[in-house]
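Below is one structure, written out as structure tokens; the observations come after it.
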Amino acid sequence: MRVAVFSTKRYDELALRAANEDHGHELAFCEPRLTRETVPLAEGFDAVCAFVNDDLSANVLVTLARGGTRLVLLRCAGFNQVDLSTAEQVGITVARVPAYSPHAVAEHTVGLMLALNRKIHRAYARTRESNFSIDGFMGFDFVGKTVGVVGTGKIGETLLGIMKGFGCELLATDPYPNPEVERLGAEYVEPDTLAARSDIVSLHCPLTPQTFHLINHRTLSLMKPGAMLINTSRGALVDASAAIEALKDGRLGYLGLDVYEEESDLFFQDLSDRVVTDDTFMRLLTFPNVLVTSHQAFFTQEAVANIARTTLANATSFEADDGQAHLVTRDMVA
Ligand code: NAD
């Protein structure tokens with residue numbers, strides 16, 4: 001198939017070229033994000049390959065279909081950026097990579113927890129200035145603390161397994177309880193109970209209309225004073241303005257973010273010589289107890305190679321119509 005690859009970074013190109021040796025698709029790499037402005041680049045391509053911040057809203061999909069595109073290959077698990085009903089209407093099939101390494105995301109989540117707790121991000125800066133004082137860096141033992149996981153699919157389950165190793169008490173919430181998680185000893189509770197009982201809350205559910213701003217003024221007010229919140233799932237699960245208020249009044253003790261609601265204009269780019277105009281985001285960066293990484297939780301050698309392999313296998317299966325492609329269907333958001 002002729003595939004236009006959007007939002008291409010060097011590591012995407014290397015991984016896709018290597019994986020393509022088993023498939024022989026014709027890949028055209030474009031650096032820009034897929035947007036209304038860049039969609040003409042896809043004209044005449046059978047498929048577009050897109051990442052988390054590419055725009056696959058109705059307008060873009062209609063233009064893609066007019067240009068002959070029949071397939072969207074998402075190089076990610078989440079599909080909240082795709083207007084699935086329009087895709088269906090215009091005859092575009094959507095495929096994704098349902099699992100590439102839950103370990104990558106779960107381990108990065110633990111990295112954020114540890115760094116925030118022991119102030120490793122601040123210690124790094126201090127020691128580089130030959131300031132070897134440890135004042136202000138006192139943390140807490142994880143053993144015996146309660147970790148609450150929202151969404152116990154592949155990543156949530158992996159995280160709970162790791163936190164069990166730390167000796168934490170485990171709470172979970174999910175409309176579809178996972179028996180493996182129960183075997184780990186986690187207790188399923190209602191979302192509000194999880195908020196009220198957890199020392200650390202970590203989000204691992206998809207972004208859907210039901211989970212938009214799941215963390216808001218109300219849920220933050222339920223949390224233990226000084227609790228830690230980690231979001232490595234999707235930015236819009238957290239109302240960032242509400243989180244800022246909770247950080248200002250000290251109710252929220254720590255915030256670790258790998259995702260941010262308005263990240264599409266920020267993340268995956270070097271903006272170091274520009275003025276960032278998102279005041280909410282810049283306010284978040286001023287707190288000593290907030291740690292932001294720019295959507296890198298997935299970014300391990302294993303995950304990137306798996307993403308490339310599954311993405312191209314999806315293209316091959318679509319072409320062969322062998323029923324093996326990992327398709328996204330509208331009932332998955334019902
Ligand atoms: P998964 O589909 O295996 O699990 C998601 C779980 O969330 C399911 O068990 C589902 O029942 C549950 N869920 C749905 N609605 C819920 C709700 N309202 N409350 C609680 N639970 C709910 O997905 P996964 O592979 O574990 O990935 C989880 C999320 O992580 C993805 O949706 C994606 O947004 C995000 N992700 C982020 C990165 C990154 O680099 N930061 C990488 C991969 C995935």
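Structure notes:
- Verdict on residue 123 being surrounded by fewer than 22 Cβ atoms within 10 Å (Cβ to Cβ), at pLDDT 95 or above and not in a loop (DSSP other than H, G, I, E, B): yes
- Options 331, 321; residue that is among the acidic types (Asp, Glu), within 16 Å of the ligand (Cβ to nearest atom), exposed (fewer than 11 other Cβ atoms within 10 Å of the Cβ) and farther than 16 Å from residue 74 by Cα: 331
- If you go through the range 166-209 and keep only what is of a type outside the set (Val, Ile, Thr) and more than 14 Å from the ligand (Cβ to nearest atom), you end up with 166, 167, 168, 169, 170, 183, 184, 185, 187, 196, 197, 199.
- Filter result (buried (at least 19 other Cβ atoms within 10 Å of the Cβ), modelled with pLDDT of 95 or more and among the polar types (S, T, N, Q)) within the range 89-120: 109, 117
- Selected residue (only one of 297, 320 is among the small types (Gly, Ala, Ser) and under 20 Å from residue 53 (Cβ atoms)): 297
- Selection status of residue 19, assigned to a helix (DSSP H, G or I), at pLDDT 95 or above and under 19 Å from residue 317 (Cβ atoms): yes
- All conditions in (1) within 19 Å of residue 96 (Cα to Cα); (2) within 16 Å of the ligand (Cβ to nearest atom) hold for residue 263, with the sole exception of (1).
- Evaluation of residue 114 against (1) out of contact with any strand residue (DSSP E or B) (no Cβ under 7 Å at 6 or more places or on another chain); (2) within 16 Å of the ligand (Cβ to nearest atom) (one fails), failing number: (2)
- Flag for residue 59 being polar (S, T, N, Q) and assigned to a loop (DSSP other than H, G, I, E, B): no
- Test result for residue 212, modelled with pLDDT under 95, within 16 Å of the ligand (Cβ to nearest atom) and in a loop (DSSP other than H, G, I, E, B): no
Each row is one residue, and each column tells you yes or no for (1) surrounded by fewer than 22 Cβ atoms within 10 Å (Cβ to Cβ); (2) among the aromatic types (Phe, Trp, Tyr); (3) over 20 Å from residue 263 (Cα atoms).
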| residue | (1), (2), (3) |
| --- | --- |
| 31 | yes, no, no |
| 37 | yes, no, no |
| 41 | yes, no, yes |
| 54 | no, no, no |
| 67 | yes, no, yes |
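- With respect to the conditions (1) free of Cβ contacts under 8 Å to residues at least 24 places away in the same chain; (2) touching a Cys at 6+ places or on another chain (Cβ under 9 Å); (3) polar (S, T, N, Q), residue 146 falls short on a single one, namely (1).
- Among the residues of the range 70-91, the ones that are more than 15 Å from the ligand (Cβ to nearest atom) and touching a strand residue (DSSP E or B) at 6+ places or on another chain (Cβ under 6 Å) come to 4 in all.
- With respect to being over 17 Å from residue 53 (Cβ atoms), in a loop (DSSP other than H, G, I, E, B) and either free of Cβ contacts under 8 Å to residues at least 24 places away in the same chain or within 13 Å of the ligand (Cβ to nearest atom) (or both), residue 99 fits the description.
- From the list 201, 143, 189, the lone residue that is in contact with a Leu (Cβ under 6 Å, 6 or more places away or on another chain) and surrounded by fewer than 17 Cβ atoms within 10 Å (Cβ to Cβ) is 189.
- A single member of 155, 120 is over 16 Å from residue 49 (Cβ atoms) and touching a Pro at 6+ places or on another chain (Cβ under 6 Å), and it is 155.
- Residues in the range 141-192 that are part of a strand (DSSP E or B) and over 20 Å from the mean Cα position of the chain (by Cα): 6 in all.
- Helices (runs of 4 or more DSSP H) fully within the range 216-334 that include at least 3 residues being β-branched (Val, Ile, Thr): 301-320.
- Hey, residue 66 away from the ligand (no atom under 16 Å from the Cβ), more than 20 Å from residue 301 (Cα to Cα) and touching an Asp or Glu at 6+ places or on another chain (Cβ under 7 Å) or not: no
- Residue within the range 63-70 that is of a type in the set (Lys, Arg) and outside any loop (DSSP other than H, G, I, E, B) present: yes
The values are calculated or read from the model by the stated rules, or taken from the named source; none is laboratory data. Predicted model, so just to flag it, every value in this text is computed and none were measured. Every residue, glycine among them, receives a Cβ derived from its backbone with ideal geometry; neighbour counts consider all protein chains shown.
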